[in-house]
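The values are calculated or read from the model by the stated rules, or taken from the named source; none is laboratory data. All values derive from a computational prediction rather than experimental measurement. Because the Cβ atoms are built from the backbone with ideal geometry, glycine has one as well, and the counts that use them run over all protein chains shown. These accessible areas exclude ligands, DNA and RNA; they are computed on the full protein's heavy atoms, side chains included. Shrake-Rupley method; radii C 1.70, N 1.55, O 1.52, S 1.80 Å.
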Amino acid sequence: MVAALAQLALATGMQAQQQFTIDIYNPAPFERTDIPVCIALEGTERSATWASVFIDGKETAAQLDDLDADGMADELCFVCNMNKRQTLQANVSLFNSDANANFQQPERETTARTYAEIVLRNPAVKEKNRHDIYLDAITVNRRTANPYNVLHHHGVAFESELIAMRIYLDKRQTIDLYGKFQKQLELEQTQFYTSHEQKQQGFGDDVLWVGNSFGLGALRGWNGRRPTMIDPVERRTQRILAKGPVRTIVEVKDEQWVAEGEQQPIDMTLRYTLYAGHRDVEVEAMFNKDISNRRLATGMVDVKGSQEMTDHHGLRACWGTDWPASDTLNWKRETVGLAILIPEEHIESELPRDGENYTFVVKTATNNTLHYRIAFASDNESFGMHTEKEWFSWVKAWRKEVEQPVKITVRGRNR
């Protein structure tokens, strides 16, 4: 390890500004892959512009993310594989390339494993997968009559090798799904509109009809009887906070939302985090004021003819088949598995399926936030599940893994 770090210092042309060790312990009695390890940076660590992480003498892909857009790094993130009840040590070096003119970033054989994009429609482009106006963020105000049609693929889209999804830039904020055949990144090539030629090459496509439903895990208002849309709002923003190589984070913000039945406007910020090698997404909702007396709603679309699984403690899933579009000539019926996992502290009630949604009425807990996770599988996958039994088995194992997080200890840190 000392030799590896010495070679790294020689290659970069400078000494690391910070070095420390992260001990990672897997308390679970099973192996795990692509475990996210993320630590908040403190003090002078935040001025780092480049990070190197070594585990067992081998460098692993890592990223520094600026989550509040202040120009300083907020978190270090990487993923690792672990045997049951194993302990790993990760040796971290942080560099500030801006502070040293001699800094030379070493070449790395790092393959991106996540991706995100916001693409503005380009009227001059006729091919649906070749639009070329890329944004990091977009804000529309209440005068925009139909924000759904402002962006190509109707909103921010993001992916890991296993799954992809998009979030509509409108009052529904529905999460729509893109299923894959192979483990690979595809959105930059297909833009959620896979051509016939790309389908012949084994690329995936849209696999879910969502309409006005939750899709998978959209957060809505609740008026005491039914879910309500995120409308009216003064401004609606989508932005990309991080897009690789090991995680992507996208953010949706609704400013001055006056929910149906409410008088006081609130600002709601939603963050969606997807890690490399994962088919589950972490959702965090944050609010600018106390809404502990309000109720919200989330859940999953009731896929036609779907079979349901619930443990009545926040874990709910379904497996079903439906057309993903009204055009039944150019599309085939798609079979998907959907799942949502909500901590019990956030659950007000679990409602019966109603032909449109599997609904939960939810509430904030401590720190005026709300957290839950969503996951899905497509029957098209060459690497995934193909029956409801397999899907429901995965969903149950998913809960066990989420409830046994790895334990992280940082040593040798200079604040």
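Show the residue pairs that are 6+ apart or on different chains and have beta-carbon atoms under 7 Å apart, the first residue being within segment 37-57 and open to solvent by less than 50 Å² (accessible area, probe 1.4 Å), the second being charged (D, E, K, R) and not in a loop (DSSP other than H, G, I, E, B).
C38/E75; I39/E75; L41/E75; S52/E59; V53/E59
Just checking: which of the strands (runs of 3 or more DSSP E) contained wholly in segment 296-415 hold 2 or more residues that are open to solvent by less than 50 Å² (accessible area, probe 1.4 Å) and of a type in the set (A, V, I, L, M)? First the steps, then the outcome.
Details: elements: 296-301, 307-310, 315-322, 334-341, 347-350, 357-362, 369-378, 407-411.
Where strands (runs of 3 or more DSSP E) fall fully within segment 296-415 and carry at least 2 residues being open to solvent by less than 50 Å² (accessible area, probe 1.4 Å) and of a type in the set (A, V, I, L, M), they are 296-301, 315-322, 334-341, 357-362, 369-378.
Which residue, of T190, T248, T144, T174, is open to solvent by 10 Å² or more (accessible area, probe 1.4 Å) and either touching a helix residue (DSSP H, G or I) at 6+ places or on another chain (Cβ under 6 Å) or of a type in the set (S, T, Y) (or both)?
The conditions single out T144.
Kindly provide the set of residues from segment 279-295 that are open to solvent by 20 Å² or more (accessible area, probe 1.4 Å) and in a loop (DSSP other than H, G, I, E, B), ordered by number.
Within segment 279-295, N288, K289, D290, S292, N293, R294, R295 meet the criteria.
Determine, yes or no, whether D132 is at pLDDT below 95 and either among the basic types (K, R) or open to solvent by 40 Å² or more (accessible area, probe 1.4 Å) (or both).
Answer is no for this residue.
What pairs come up if the first residue lies in segment 150-163 and is more than 18 Å from V246 (Cα to Cα) and open to solvent by 10 Å² or more (accessible area, probe 1.4 Å), the second is among the aliphatic types (A, V, I, L, M) and not in a strand (DSSP E or B), and their beta carbons are under 7 Å apart, counting only those six or more places apart or on different chains?
Here the result reads V150/L169; H154/L169, each pair linking segment 150-163 to a residue that is among the aliphatic types (A, V, I, L, M) and not in a strand (DSSP E or B).
In segment 251-278, how many are within 30 Å of E59 (Cα to Cα), open to solvent by 10 Å² or more (accessible area, probe 1.4 Å) and out of contact with any Lys or Arg (no Cβ under 8 Å at 6 or more places or on another chain)?
Number of matching residues: 2.
Going through segment 70-88 one residue at a time, which ones are closer than 12 Å to A242 by Cα and free of Cβ contacts under 8 Å to residues at least 12 places away in the same chain?
Answer for segment 70-88, where residues must be closer than 12 Å to A242 by Cα and free of Cβ contacts under 8 Å to residues at least 12 places away in the same chain: there is none.
Check segment 104-115 and report whether any residue there is surrounded by 13 or more Cβ atoms within 10 Å (Cβ to Cβ), touching a Lys or Arg at 6+ places or on another chain (Cβ under 7 Å) and outside any loop (DSSP other than H, G, I, E, B).
Within segment 104-115, one or more residues are surrounded by 13 or more Cβ atoms within 10 Å (Cβ to Cβ), touching a Lys or Arg at 6+ places or on another chain (Cβ under 7 Å) and outside any loop (DSSP other than H, G, I, E, B).
For S93, work out the one condition from (1) under 24 Å from the mean Cα position of the chain (by Cα); (2) among the hydroxyl-bearing types (S, T, Y); (3) buried (at least 19 other Cβ atoms within 10 Å of the Cβ) it doesn't fulfil.
Every condition holds for S93 apart from (1).
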